[in-house]
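Engineer: Provided herewith is a single structure, encoded as structure tokens, for subsequent inquiry.
Please treat every number below as a calculation from the coordinates, not as lab data. In this text the structure is predicted, and so the values were computed from the model without any measurement. We place every Cβ from the backbone using ideal geometry, glycine too, and count neighbours over all the protein chains shown.
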Amino acid sequence: MQKLDFQRQNAPAGAAPLTVQDYEWKNSWRFAVGGIYKYSDTINLKAGVAYDITPVPDERRKVRLPDENRITFAVGSQYKFDKATTFDVAFQYVMPDKAKIDSTEGNPAAGQQTRVLGTAEGDAFILSGQVSYKF
């Protein structure tokens, strides 16, 4: 995504009717590997790891989306009730790199600019479940 154009309806007097946010994101890659181990006729065990490269260049990183490269670890299992019904449960741990932020936001023409300088960090834990039925 290169940019977003926002058109304001009924803009207040003196406000710009069109706002453009330049992102200049780039294409990126994701590398992943995983496997399934057949524990029994009814239980499959699953595991995987992935590495995501962020599409956000360092100089375009914003507070709203402090995206950075990340590693994801996943484990899960599948239980087969019968030929048509399965239940899956999975857990993911997402570990992004610390994101450095140095951006200036606002409207320079109106003298309304703010510089944001800092870092963003955090992890994500994702638990999911699914019931599937083939018919």
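Engineer: Using a simple charge model, +1 on the beta-carbon of Lys and Arg, -1 on the beta-carbon of Asp and Glu, nothing else, what dipole does region 28-133 show about its Cα centre, in debye to the nearest 20?
Structural biologist: Values: 13 positive and 13 negative charges, 30 e Å.
For this selection, approximately 140 debye.
Engineer: Out of the chymotrypsin sites (Phe, Trp or Tyr not before Pro) in region 47-84, which ones are loop residues according to DSSP with at most 15 other C-beta atoms within 10 Å?
Structural biologist: Working: sites: Tyr51, Phe73, Tyr79, Phe81; in loops: Phe81.
Qualifying residues, ordered by number: Phe81.
Engineer: Then there is this: Within the set Lys38/Lys134; Lys3/Lys46; Lys46/Lys134; Lys26/Lys134; Lys46/Lys98, which residue pairs have Cα atoms separated by over 30 Å?
Structural biologist: Pairs exceeding 30 Å: Lys3/Lys46; Lys26/Lys134.
Engineer: Determine the gain in length on full extension of the stretch Asn27-Lys100; use 0.36 nm per residue of separation and subtract their C-alpha separation, reporting nm with one decimal.
Structural biologist: Here the answer is 24.3 nm.
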